[in-house]
Amino acid sequence: MLSSLKLFRHRFIRTILISNVFSQLGIWVRNFAILLYVMDKTEGNALYVSLVSVAEYAPMFIFTLIGGVFADRWKARKTLVGCDLLSAASAGAVWLALLSGIWEAVFLATLVSSVLSQFSQPSGMKWFKIHVADELAQPVMSLLQALFGHGHPHAAHVGSDACYDGIVGRFQKHVPA
């Protein structure tokens, strides 16, 4: 049985795990902020709120296989860095669009970020196979998939659903029917 301490002694594994934690936390906060922003702008319009989820999750179904194929063919490090830079650029573009009054750009940014995740995540798994011994690679990849499968922190996602239900439930009590 492989000791979990042995996993965290490996510098590469620690670096990737820590960077994934911060990256996924940033994605989660951004997506939750976008959801709250859209709810505020549309006064809770169900169509627009649903479009946020569509923009976030549809690329998983469409681009997962494509991203995996390209991850096998492209250089893993360049793909990871490129996807992160493009995702940051999309967030900057949304900020400029919001300053211009085009709030609907949040949908495009969410979509672009989700598509890029479908390319960067398989590249990260490939990078582990290259830089980590076989005995460590599988447990670490399993840990990453369990924590951050499909580019979303599962624990944070469950927590955000609970927070959302609590916030909406609290405000619905004060809104006349």
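The values are calculated or read from the model by the stated rules, or taken from the named source; none is laboratory data. What you see is a predicted model; the values in this text were computed from it and never measured. With ideal geometry, Cβ positions are generated from the backbone for all residues, glycine too; neighbour counts draw on all protein chains shown. Protein only, heavy atoms only, side chains kept; ligands, DNA and RNA dropped before computing areas. Shrake-Rupley method; radii C 1.70, N 1.55, O 1.52, S 1.80 Å.
Applying the set (1) touching a residue at least 12 places away in the same chain (Cβ under 8 Å); (2) not in a helix (DSSP H, G or I) to Gly101 leaves exactly one unmet item: (1). Summed over segment 1-13, residues that are open to solvent by less than 70 Å² (accessible area, probe 1.4 Å) and among the aliphatic types (A, V, I, L, M) total 3.
Which one of Val94, Val29, Val49, Val38 is touching a residue at least 60 places away in the same chain (Cβ under 8 Å) and assigned to a helix (DSSP H, G or I)? Quick ask: steps written out before the conclusion?
Numbers: Val94 fails: touching a residue at least 60 places away in the same chain (Cβ under 8 Å); Val29 fails: touching a residue at least 60 places away in the same chain (Cβ under 8 Å); Val49 fails: touching a residue at least 60 places away in the same chain (Cβ under 8 Å).
That would be Val38, the only listed residue that is touching a residue at least 60 places away in the same chain (Cβ under 8 Å) and assigned to a helix (DSSP H, G or I).
All conditions in (1) at pLDDT 90 or above; (2) under 30 Å from Phe128 (Cβ atoms) hold for Asp40, with the sole exception of (2). Of the set (1) in contact with a helix residue (DSSP H, G or I) (Cβ under 6 Å, 6 or more places away or on another chain); (2) at pLDDT below 85; (3) crowded, with 19+ Cβ neighbours inside 10 Å, all apply to Phe119 but (2).
Is there a residue in segment 51-71 that is over 14 Å from the mean Cα position of the chain (by Cα), at pLDDT 90 or above and buried (at least 17 other Cβ atoms within 10 Å of the Cβ)? Scanning segment 51-71, I find at least one residue that is over 14 Å from the mean Cα position of the chain (by Cα), at pLDDT 90 or above and buried (at least 17 other Cβ atoms within 10 Å of the Cβ), so the answer is yes.
Output yes when any residue across segment 14-31 is surrounded by 14 or more Cβ atoms within 10 Å (Cβ to Cβ), farther than 30 Å from Asp134 by Cβ, under 14 Å from the mean Cα position of the chain (by Cα) and not charged (D, E, K, R), and no when none is. Checked segment 14-31: at least one residue is surrounded by 14 or more Cβ atoms within 10 Å (Cβ to Cβ), farther than 30 Å from Asp134 by Cβ, under 14 Å from the mean Cα position of the chain (by Cα) and not charged (D, E, K, R). Residues in segment 136-154: is at least one β-branched (Val, Ile, Thr), modelled with pLDDT of 85 or more and closer than 20 Å to Ser23 by Cα? No, segment 136-154 contains no residue that is β-branched (Val, Ile, Thr), modelled with pLDDT of 85 or more and closer than 20 Å to Ser23 by Cα.
The condition of being over 18 Å from Arg30 (Cβ atoms), in a helix (DSSP H, G or I), among the basic types (Lys, Arg) and modelled with pLDDT under 85 holds for only one of Lys78, Lys129, that being Lys129. Among the candidates Gly44, Gly92, Gly67, Gly82, the residue that is in contact with a Pro (Cβ under 7 Å, 6 or more places away or on another chain) and not polar (S, T, N, Q) is uniquely Gly67.
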